[in-house]
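This report refers to the structure that appears directly beneath it.
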Amino acid sequence: MSGWKLVGISDESTECEVCGRIELKATHHIIREDGSELRAGSSCAARKLGVKAADINRAARQYRTRLEIARCNFPDWFRSGYGIRLEDHIRQHGRSISERAYKRYMQREGFTV
């Protein structure tokens, strides 16, 4: 067991904290059991996790697909739960209340926000 766990993938950080490569398309957010965190490219993250780079790339594609589906389903979930369209709710109550609902929804779907 490597002690590292894949938390998520992001395109916000484009530099690998392990090898220093820059201008990456995305980095993998990995965390160790003791709480230390790294943003690493796919090859470095795969080494830390003890898996093949192809496996981590497949996991990244699946994660992005799940994330996109969850984002697309949010307005329908919001309408069924709150009885109002998301756009109308934002107009009436402001964005911050809707953002809290979005965070709860994404956490329920298994994503960290």
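The values are calculated or read from the model by the stated rules, or taken from the named source; none is laboratory data. Predicted, not measured: the structure shown is a model, and the values here were computed from it. Backbone-built Cβ (ideal geometry, glycine too); neighbour counts: all protein chains shown. Heavy atoms of the whole protein, side chains included, go into the accessibility calculation; ligands, DNA and RNA do not. Shrake-Rupley method; radii C 1.70, N 1.55, O 1.52, S 1.80 Å.
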Lysines whose Cα lies under 21 Å from that of residue 48, excluding same-chain neighbours fewer than 8 positions away: 5, 25
Using just the Cα positions, wrap the stretch 30-95 in a convex hull and report its mean projected area in square nanometres, one decimal place. 6.8
By the DSSP-based rule, helices of the chain that are at least 24 Å long along the axis (C-alpha) and have a mean Kyte score of at least -0.5 are none
Considering only protein heavy atoms and a probe of 1.4 Å, how much of the accessible area of the chain is carbon and sulfur, as a whole percent? 47
Have a look at 69, 53, 42 and report the one farthest towards the positive end of the charge dipole of the chain, computed about the Cα centre with Cβ charges (Lys/Arg +1, Asp/Glu -1). 69
Just to verify a number: FRET efficiency for residue 54 and residue 107, C-beta to C-beta distance, R0 = 30 Å, to 0.05? 0.55
Angstrom value of the Kirkwood radius, inverse mean 1/r, which spans all Cα pairs in the stretch 1-61: 11.2
Ignoring everything except DSSP H segments at least 4 long, calculate the 222 nm mean residue ellipticity for the chain; use -39,500 (n - 2.57) per segment, divide by total residues, nearest 500. -17500 deg cm²/dmol
Calculated diffusion of the chain, Stokes-Einstein form, Kirkwood radius summed over Cα pairs, 25 °C and 0.890 mPa s, µm²/s: 155
